[in-house]
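Notes follow the structure.
The values are calculated or read from the model by the stated rules, or taken from the named source; none is laboratory data. This one's a predicted model, so the numbers in the text were calculated from it and none came from an experiment. Because the Cβ atoms are built from the backbone with ideal geometry, glycine has one as well, and the counts that use them run over all protein chains shown. Accessible surface areas use protein heavy atoms only, side chains included; no ligands, DNA or RNA. Shrake-Rupley method; radii C 1.70, N 1.55, O 1.52, S 1.80 Å.
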Amino acid sequence: MLNTQPNLLACDDFYEALIAAHQGLSTPESHAMNARLVLLLANHIGDQATLQHALQLARGSVVPTADRRTTPAITPVVPTHAVAA
Amino acid sequence: MNPRDIPPEAFHASGAEVQAIDFGYVRSPDQDRAMPAQHPIVVIGAGPVGLSLAIDLAQRGQRVVVLDNDHKLSIGSRAICFAKRTLEIWDRLGVGQRMVDKGVSWNLGKVFLKEEQLYEFNLLPEEGHERPAFINLQQYYAEAYLVERALQLPGIDIRWHNKVTAVAARDNGALLSVETPDGAYQIDAQWLVACDGSRSPTRQMLGLESKGRIFQDRFLIADVKLQGDADFPTERWFWFDPPFHPHQSVLLHRQPDNVWRIDFQLGWDADPEEEKKPENIIPRVQALLGAEAQFELDWASVYTFACLRMDQFVHGRVIFAGDSAHGVSPFGARGANSGVQDAENLAWKLDWVLQGRASPALVATYGPEREYAADENLCNSTRATDFITPKSEVSRLFRDAALHLAREHAFARRIVNSGRLSVPATLHASPLNTPDTDAFAGTQVPGAVLLDAPLTKQGQPTWLLRELGPDFTLLVFGPAPAWARDLPGVTVLQIGIDVIDHQALAAQRLDALPRTVYLVRPDQHVCARWRTPTEAAVRSALARAAAA
């Protein structure tokens, strides 16, 4: 389970460093950095259940499961091949 | 020409000649009968799946009728990546070496972002496997070698120009109406297997559906034949956002005969009719290959795709296999490869039921086993597609973050998904498995395909998979217990006695100790294993694996 008890030893230092890390970046660059940060930290944590818990707490609601087969019946679209003229 | 009179060298000819082979129509005696002829097994579709199934069944002594509405092999390269597992199955069917000899073997892949190589990967980083991770081979060659093999087997009757126009399923079989160039006739099939592709007329005639997701993207395939030496090595190259095709992805594969397959992602807005025109294709190819490259366009196609599957693959005596049962995106080479695995799963089960060695309950297990495998393939294929074609701003953000990190960090390379390439499904939940009661490490759990390993037999090199029996094999590390010889239809293979595990790779891959025993199914999946089994335990596992 995700540890949500105080665990950051120098939380003010971290927070300052986080904000500083974004200095001089445009908003898109900041978003990109955050995304990389999420992936780096997720890899560090490693455990799927812990990460799933974090996703849920961060979202503040139930995380939807990947929706692969719930769409209604459709007409199959198959590769349409044609020989080049 | 009567297909049986086609000279063998016709199947060894050039790509153009092989594609030109015209399988003549031959009137079947069935067409002159007053009552529909009865056949134990009818397969619809002479593609890689239908042919593999028919060959497997015929090698087991069954008689099979294969109906195909066409009279030619695949036109165009289509499925080009045949996986290690497919080659191992084709080895059992007597065509693996042919495929490997003609195909381009590859294990290495490279991933590029813009003009920069991010990383490379090896799909088969360990030694000691007979077959490579993949060969690239145009589908028409694969089909040609399968047809050639099928024609050698007296049990197979391939009927070209035979179009099934109606299927009436009943409890003990199906009545088929078949149209031919000189009239219609009927066949009474005890078992019917539809391997008739993603559009599956059989599925439609029975009013059955395939459900799933459409992907709103278009791709252009171009097969180009290069003149002179190509600079590209025999590897799978994948570009995200390359300078020669900005904001889209591109995939390059080498095929035999110096033909290169290039897949260009086009986006949903592309006009397929425009993109199919050679005058629009050639500049795209030229931009990739460089201004100096001399090439000619061999075949091209624009495609969209959906990931979908039928709810159930078994409908009484009518069974669906390959694309007719499930369709995946092309990323990961999971289409034809999973279809050939369907065929292998089904062949021994049908054979056992027709021989009276098992009840139809055994054939019914094909359904859940291959539906599970299809879900795994669909899942992987969908994830790859979502990675390659992000559906939202945030998914593009994370996709790009993963690509960015992949330059430096191994963990991120594992997140980058340009297609998780086909590996056989491990049938974890199969009712035919006997769960472990002893502790084992590694991947060879009940439900897994047995891993290959190099062995020697009477001083000659051989391979573990080649030494397995046609039915069940009891693999014993060390001397087999006396009772093992009395197990019906079971080949006993003693590692260290019948064959020598000289590199100890079999023992290592199977986490084996002296007296360890694996029970392997006819389709080479592990179904049970023990440290030291009793006869009762093995007999019980055998019965379970035959759905007794």
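Using all C-alpha to C-alpha distances in the stretch B:175-285, build P(r) with 10 Å bins and read off the rounded percent in each one.
Here the calculated profile for the stretch B:175-285 is 11, 28, 22, 20, 16, 3.
Apply the Karplus parameterisation 6.51 cos²θ - 1.76 cosθ + 1.60, with θ equal to phi minus 60°, to every residue of the stretch B:487-502 and state each ³J(HN,Hα) to the nearest whole Hz, in sequence, with x for glycine and proline.
Couplings: 6, x, x, 10, 7, 9, 10, 9, 6, x, 10, 6, 9, 10, 8, 5 Hz.
With no solvent and one equal point scatterer per Cα, compute the Debye intensity ratio I(q)/I(0) for the protein assembly as shown at 0.06, 0.12 Å⁻¹ and report its log10, rounded to two decimals.
-0.36, -1.36
Can you sort B:Lys225, B:Lys391, B:Lys276 by solvent-accessible area, 1.4 Å probe, largest first?
Descending accessible area places them as B:Lys391, B:Lys225, B:Lys276.
Please compute the average number of Cβ atoms from other chains found within 10 Å of each residue's Cβ in peptide B:393-401. Before the final figure, lay out each step's value.
Working: counts 2, 2, 0, 1, 7, 6, 1, 4, 10.
Per residue, the average neighbour count from other chains is 4.
Run lengths n ≥ 4 of DSSP H only: what is the helix-derived mean residue ellipticity at 222 nm for the protein assembly as shown, with -39500 (n - 2.57) per run over all residues, to the nearest 500? Show your work: numbers first, answer last.
Numbers: 18 runs with 195 residues, N = 633.
My calculation for the protein assembly as shown gives -9500 deg cm²/dmol from helical runs alone.
Could you list the GluC sites (Glu not before Pro) in the stretch B:61-154 that lie in coil according to DSSP, counting only those with at most 11 other Cβ atoms within 10 Å of their Cβ? Intermediate values should be presented prior to the final figure.
Numbers: sites: B:Glu88, B:Glu115, B:Glu116, B:Glu120, B:Glu126, B:Glu127, B:Glu130, B:Glu143, B:Glu148; in loops: B:Glu115, B:Glu126, B:Glu127, B:Glu130.
In loop regions of the stretch B:61-154 (DSSP not H, G, I, E or B), the sparsely surrounded GluC sites (Glu not before Pro) are B:Glu115, B:Glu126, B:Glu127.
Whenever you get a sec, line up B:Asp438, B:Asp22 from highest to lowest accessible area (probe 1.4 Å, protein heavy atoms).
B:Asp22, B:Asp438
Evaluate the distance, in nm, between pseudo-label points positioned 7 Å from the Cα of B:Asp511 and of B:Arg407 along their respective Cα→Cβ axes.
For the pair B:Asp511/B:Arg407, the computed spacing is 4.1 nm.
So which trypsin sites (Lys or Arg not before Pro) in the stretch B:469-525 are both in a DSSP loop and have at most 16 other Cβ atoms within 10 Å of their Cβ?
Numbers: sites: B:Arg485, B:Arg509, B:Arg515; in loops: B:Arg515.
Answer by residue number: B:Arg515.
Karplus couplings for the stretch B:173-189 from phi (6.51 cos²θ - 1.76 cosθ + 1.60, θ = phi - 60°), rounded to Hz, Gly and Pro as x?
x, 8, 9, 10, 9, 10, 9, 10, x, 10, x, 9, 8, 10, 10, 9, 9
Using all alpha carbons of chain B, what is the percent of pairwise distances in each 10 Å bin, ordered from the shortest bin to the longest?
P(r) for chain B, in whole percents per bin: 3, 17, 27, 26, 18, 8, 1, 0.
Taking 0.36 nm per residue of sequence separation and subtracting the Cα-Cα distance, how much length would be gained by fully extending the chain between B:Ser105 and B:Met1, in nm to one decimal?
Full-extension gain reported as 34.0 nm.
In whole Hz, with x marking every Gly and Pro, tabulate ³J(HN,Hα) for the stretch B:20-27 from phi via Karplus 6.51 cos²θ - 1.76 cosθ + 1.60, θ = phi - 60°.
Those phi angles translate into 8, 4, 10, 7, x, 7, 10, 5 Hz.
Evaluate peptide A:32-43: per residue, the Cβ atoms of other protein chains within 10 Å of its Cβ; return the mean as an integer. Intermediate values should be presented prior to the final figure.
On the way: counts 5, 2, 3, 10, 9, 1, 3, 9, 5, 0, 2, 7.
Counting other chains' Cβ atoms within 10 Å and averaging over A:32-43 gives 5.
Can you compute the FRET efficiency between B:Val394 and B:Gln227 using 1/(1 + (r/R0)^6), with r the Cβ-Cβ distance and R0 = 41 Å? Round to the nearest 0.05.
In this case the efficiency is close to 0.35.
Please go through the stretch B:211-308 and write out the GluC sites (Glu not before Pro) that DSSP classes as loop and that have at most 13 other C-beta atoms within 10 Å.
For GluC sites (Glu not before Pro) across the stretch B:211-308 that sit outside H, G, I, E and B with at most 13 neighbouring Cβ atoms in 10 Å, the list reads B:Glu292.
For B:Lys72, which lysines qualify as cross-link partners when the Cα separation must be under 28 Å and same-chain residues fewer than eight apart are set aside?
Partners found: B:Lys84, B:Lys102, B:Lys163, B:Lys225, B:Lys276, B:Lys277.
Within the protein assembly as shown, what percent of beta bridges assigned by DSSP are antiparallel, to the nearest 5?
On the way: 74 of 104 bridges.
Bridges in the protein assembly as shown are about 70 percent antiparallel.
To the nearest hundred square angstrom, how large is the accessible surface buried between A and B, total for both chains, probe 1.4 angstrom?
Buried area between the two chains comes out at roughly 2800 Å².
Using the Kyte-Doolittle scale, which helices in chain B average at least -0.5 and also have C-alpha atoms spread 18 Å or more along the helix axis, with helices defined as whole DSSP H runs?
Numbers: long enough: B:139-152 (20 Å, -0.37); B:335-354 (28 Å, -0.15); B:366-388 (32 Å, -0.93); B:393-406 (20 Å, 0.27).
Going by DSSP H runs, the hits are B:139-152, B:335-354, B:393-406.
Please compute the Kirkwood hydrodynamic radius of the stretch B:80-157 from all pairs of different C-alpha atoms, in Å with one decimal.
Here the Kirkwood hydrodynamic radius works out to 14.0 Å.
So how much slack lies between B:Ala166 and B:Ser359, counting 0.36 nm per residue of separation and subtracting their Cα-Cα distance, in nm?
Working: separation 193, 0.36 × 193 = 69.48 nm, distance 2.78 nm.
Using 0.36 nm per residue and subtracting the Cα-Cα distance, I get 66.7 nm.
With every protein chain kept in place and ligands, DNA and RNA left out, what is the accessible area per residue of chain B? Probe 1.4 Å, answer in Å².
Result: 38 Å² per residue.
Roughly speaking, to the nearest percent, how much of chain B's 1.4 Å accessible area is carbon and sulfur? Don't skip to the end; give the middle numbers.
Numbers: 10420 of 20840 Å².
Roughly 50 percent, rounded to a whole number.
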